[in-house]
1. Taking each pair of distinct Cα atoms in segment 340-380 once, what is the resulting Kirkwood hydrodynamic radius in Å?
2. What number comes out for the charge environment of VAL580, summing +1 per Lys or Arg and -1 per Asp or Glu over other residues with Cβ under 13 Å away?
3. Please give the net charge around HIS540, taking every other residue with its beta carbon less than 14 angstrom from that of HIS540, where Lys and Arg add +1 and Asp and Glu add -1.
4. With Rg and Dmax of the Cα atoms in Å as the read-out, I listed (1) 36.6, 123; (2) 28.8, 98; (3) 33.8, 143; which label goes with the value calculated from this structure?
5. What percentages, rounded to whole numbers, describe P(r) for segment 429-497 computed over all alpha carbon pairs with 5 Å bin width beginning at zero?
6. Go through 612-623, 413-424, 183-194 and give me the packing order, highest mean Cβ count within 10 Å leading.
7. Using a 1.4 Å probe on the protein heavy atoms, what percent of the accessible area of the chain belongs to carbon and sulfur?
8. Return one whole number: the accessible area per residue of the chain in Å², for a 1.4 Å probe.
Amino acid sequence: MIKRYGRAIVVFAIFVGVCSAFIFRLVDLQLINGQEYLDSSLNRVITKSVVKAARGEILDRNCRPIVQNRRVFTIEFNLSAISDLNSAIDQMITIFDECGQDYINNFPISTTAPYVYDESFLASDSSVESFKEFLSDRKIEYGAASEVVSDLVDYYDLDSYEESRAVEIAAVRYDISNRSSGSYYIFASDINIETVTAVKENIDEVYGVYIEEEPVRYYTEENFASHIIGYVGRIYADEYAELKDQGYSMDDTIGKEGIEKIMEEYLRGTNGYKYAIRDVTGTTTDIISNEEPKAGNDVILTLDKNLQMIVEDSIENVVYEIKDVHGEEAATSAAAVFLEVDTGDVLAMASYPTYNLETYYEDYDTLSEDGGDPYVNRAIAGLFPPGSTFKMVCAVAALEEAIITPTYTYRCSGLYDYYQDITFSCFNSTAHGNMTVATALQKSCNIFFFDAVRRLGIDTFEKYGQLFGFGQKTGIEFSDIESPGILAGNTYRQSVGAELMRPGEVLLAAIGQSDNSVTPLQLANYAATIANGGVRMVPHIIKSVRNSDTGEIIMETEPEVAADLELSQSTIDAVTDGMVKVAQSGGGLYSAFRDYTITSVAVKTGTAETTTGLPNALIVGFAPAEDPKVAFAVVVEHGGINVGPIVAEVIKNALSYYFSNMDSLDSVSEEGTLNP
């Protein structure tokens with residue numbers, strides 16, 4: 001009986017203790033600290049935000065980094081938490097102006113009077129149509145920029161602000177409508193620490209404005225391989241319509257040009273998410289849960305980074321050297337390509353003038369108006385008459401069709417007067433005397449090739465030009481910007497509705513004039529085809545793709561044969577002999593290569609007439625002459641005459657590096673890491 005009462009007392013005591021604790025907690029919550037807890041709950045919010053994934057790195061063939069990532073501060077708006085959006089934008093613009101910091105502005109109209117449309121916007125039909133649709137949705141008529149600005153100020157209820165500030169706020173409101181991702185909008189990216197500090201000091205006045213971090217591109221070298229790498233940018237409204245079904249958000253970054261665009265599906269990472277508790281200042285006080293972002297895959301290029309730098313520096317130096325000789329109007333641009341003969345790997349591909357990827361958007365307006373067109377990749381999109389570098393096409397065709405033999409001679413008197421009504425000449429009407437195909441290449445004798453192509457006929461000549469890849473794209477990955485060029489012949493004439501080629505035009509076609517127009521890449525691949533015994537490869541610049549976490553190679557480009565010309569060895573030997581002689585005594589590049597001992601070379605120069613200005617200067621070839629490994633082409637627009645030794649400096653610098661470092665050019669391990 002006593003035991004029963006004892007147990008009851010214990011149970012009752014426990015019950016009283018629990019109730020007391022509960023009552024005490026209620027008193028604490030409701031009476032003692034009630035206001036504090038209420039304020040805390042009102043000043044905290046749970047947010048879900050995107051954690052941006054880093055893009056994969058871009059590496060050279062030896063896995064040396066070309067493009068990496070760095071983390072930067074961004075200012076992000078939580079649109080669902082901001083009660084007065086115009087006021088929030090106004091305060092952020094004020095802070096940014098005081099700090100001298102730029103914020104994102106994609107408004108197609110200038111934000112200062114007089115209001116005008118941006119020229120790049122007007123040049124894009126899709127951008128104009130997208131803007132018209134944006135205005136139409138708000139019942140605003142597309143018209144004069146000043147009227148559109150006024151209507152948008154009214155639409156966004158900005159009449160209480162000064163005109164200049166009202167337009168700036170309207171510009172941000174426009175961008176929010178086109179680029180916000182759900183409830184979030186990135187107002188500015190890559191901001192400096194001064195601006196971060198200023199925003200932190202004022203952030204409690206603008207609820208819903210957060211300071212975040214995101215990865216952005218970092219370029220290991222300035223002005224390096226810009227035309228190849230390409231640039232990235234935020235998704236435009238007209239792009240989002242196609243990309244939204246692929247998992248992109250409006251504020252994601254995508255590749256816009258070059259490798260960044262071509263390899264977007266590999267370079268793109270997978271964004272993560274985080275659920276966080278933020279206080280009134282937007283500071284994250286606790287992470288409830290998160291999903292880590294997954295970085296994109298790394299893209300390994302065929303380029304050798306060091307060789308690329310040498311070639312880029314060399315063509316720039318050559319441009320300035322030629323200007324010293326011929327004046328400022330000379331050497332307006334230049335391009336060079338170096339290929340691995342047996343694979344088609346692009347070892348280096350340079351175009352000058354160039355631009356800085358780091359400041360692409362800041363420089364765009366200025367450089368777009370630059371007469372030098374620095375945004376054009378002249379190596380694959382620039383078109384140039386090939387001049388005498390084209391004579392190997394005629395030589396191969398004549399040899400293969402048995403029009404001539406390697407020992408056949410033709411006497412050059414300096415003039416070609418086969419046709420009674422017109423006479424053609426060698427350079428300066430020089431009489432070369434008896435010429436074989438090899439010595440005709442060495443001396444660049446026009447007369448020899450005039451007679452050869454006359455006997456061949458334009459259709460047969462055109463057939464061989466096609467076999468060498470002229471008048472068509474090479475197949476390199478830059479298909480969207482690569483030019484097919486023009487191969488002189490009746491096929492082209494018929495395609496444009498012009499009259500068929502006359503006899504005199506046929507003669508000029510054989511020496512790289514007439515309608516002929518080629519890219520430096522086509523010329524390099526043409527030289528590589530001769531070096532490769534008549535096998536033309538598809539040039540490529542993407543070597544492989546590797547998983548950035550594991551190093552596993554998940555895609556690899558295999559060498560691809562574009563065409564086998566099935567040339568006889570005697571033809572290859574005769575043409576190579578002529579190209580070797582160009583660098584020997586009596587040849588046009590003897591002075592350039594006389595003391596060059598790194599390797600033997602087989603080369604051909606060209607001086608191609610243009611419609612305006614000085615002629616273009618060209619050199620194509622391969623090395624070593626007896627066992628070719630690398631082929632090349634260098635073109636200097638309006639380089640003028642007698643500059644072959646200057647242009648040859650590009651080739652000598654590149655070959656000196658290449659043949660001194662051959663062992664390192666293929667030193668990537670199976671895991672995709674740089675071997676020692």
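The values are calculated or read from the model by the stated rules, or taken from the named source; none is laboratory data. Bear in mind that the values here come from a model prediction, so they are computed numbers and not experimental data. Backbone-built Cβ (ideal geometry, glycine too); neighbour counts: all protein chains shown. These accessible areas exclude ligands, DNA and RNA; they are computed on the full protein's heavy atoms, side chains included. Shrake-Rupley method; radii C 1.70, N 1.55, O 1.52, S 1.80 Å.
1. 11.9 Å
2. Within the 13 Å Cβ shell, the charges total -2.
3. With Lys, Arg at +1 and Asp, Glu at -1, the neighbours total -4.
4. (3)
5. So the P(r) values, bin by bin, are 4, 14, 18, 16, 17, 14, 10, 6, 2, 0.
6. 612-623, 183-194, 413-424
7. Carbon plus sulfur share of accessible area: 49 percent.
8. Dividing the accessible area of the chain by its residue count gives 45 Å².
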